[in-house]
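The values are calculated or read from the model by the stated rules, or taken from the named source; none is laboratory data. Here the structure is a predicted model, which is why all the values come from computation and not from measurement. In this analysis, Cβ positions are derived from the backbone assuming ideal geometry, glycine residues included, and neighbour counts consider all displayed protein chains. The accessibility values were calculated without ligands, DNA or RNA, using every heavy atom of the protein model including side chains. Shrake-Rupley method; radii C 1.70, N 1.55, O 1.52, S 1.80 Å.
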Amino acid sequence: LPSTGRISYLRAPGGPGVRWDAGFEAGDEVSLFYDSMIAKLIVFAPDRITAIARMRRALNELVVLGVATNQGFHTRLFADPSFRAGEVDIQFLERRADLLRPVADEARDLPLAVAAALLEDRRRHGLKLSVGPGESGPNPWLDAGRRDGLR
């Protein structure tokens, strides 16, 4: 569903075969008067399997804070074995309504909770946080990982 609010943080994915088309950036307010689509994430590749792998990587790199997105749904969709095999038709989501519902993932949520607690502790003690990837120009480690993922 459409979500309103201020985009407090945005890290767009990139790399070979990935395109990010956005109408908003960090700090922008998404109001009721805007279309609910704030951006499009597009990937291309020579075949379906490679395109799905690129999309999964791009979805994992994408961070949008402040407004709700459908990123979780797309992450579940692109991980689904039936979808990956191309076994889809017009009733696919009717049969797989479970993909529309968020699921608790302790393996993912626990490290995020620990990281959030550590960041808050640093903030409270006045420690300067380093700049994140992509915020100060090219990141050679991230770029090397993207290239390695193309093999």
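Springs between alpha-carbon atoms under 10 Å, Gaussian network over the chain: tell me which of D80, D109, D98 tops the mean-square fluctuations.
D109
State to the nearest 20 debye the size of the charge dipole of the chain about its Cα centre, where the only charges are +1 on K and R beta carbons and -1 on D and E beta carbons.
380 debye
How much length would be gained if the chain were fully extended between A68 and A22, taking 0.36 nm per residue of separation minus their Cα-Cα distance, in nm to one decimal?
Between A68 and A22, full extension yields 15.0 nm more.
Here are several values of Cα extents along the principal axes in Å: [x] 54, 31, 22; [y] 70, 39, 25; [z] 53, 40, 33. Which one was derived from the coordinates shown?
[z]
Averaged per residue, what accessible surface does the range 5-133 expose to a 1.4 Å probe, in Å²? Could the numbers behind the result be given before it?
Details: 8830 Å² over 129 residues.
On a per-residue basis, 68 Å².
Of all DSSP beta bridges in the chain, what percent run antiparallel (nearest 5)?
Expressed as a percentage, antiparallel bridges in the chain total about 100.
Grab the DSSP H runs of the chain that are 4 residues or longer, score each as -39,500 (n - 2.57), total them, divide by all residues and round the 222 nm result to the nearest 500 deg cm²/dmol.
-11500 deg cm²/dmol
Multiply the residue gap between D47 and S82 by 0.36 nm, knock off their C-alpha separation, and tell me the result in nm, one decimal place.
On the way: separation 35, 0.36 × 35 = 12.60 nm, distance 1.65 nm.
That works out to 11.0 nm of additional length.
Per 0.36 nm of contour for each residue apart, how much would the distance between F33 and A115 grow if the chain were fully extended, relative to their Cα-Cα spacing?
That works out to 26.0 nm of additional length.
Order 61-67, 142-148 from most to least packed using the mean count of other Cβ atoms within 10 Å.
Those peptides, ordered most packed to least, come out 61-67, 142-148.
Where in the range 31-85 are there chymotrypsin sites (Phe, Trp or Tyr not before Pro) that are in a DSSP coil and have at most 13 other Cβ atoms within 10 angstrom of their Cβ?
Values: sites: F33, Y34, F44, F73, F78, F83; in loops: F33, Y34, F44.
Loop-located and lightly packed - F33, F44.
Run the numbers on the range 1-97 and let me know its relative contact order in percent, using alpha-carbon pairs under 8 Å that are six or more apart. Display every interim value, and only then the final one.
On the way: 121 pairs, mean separation 31.3, N = 97.
Across the range 1-97, relative contact order equals 32 percent.
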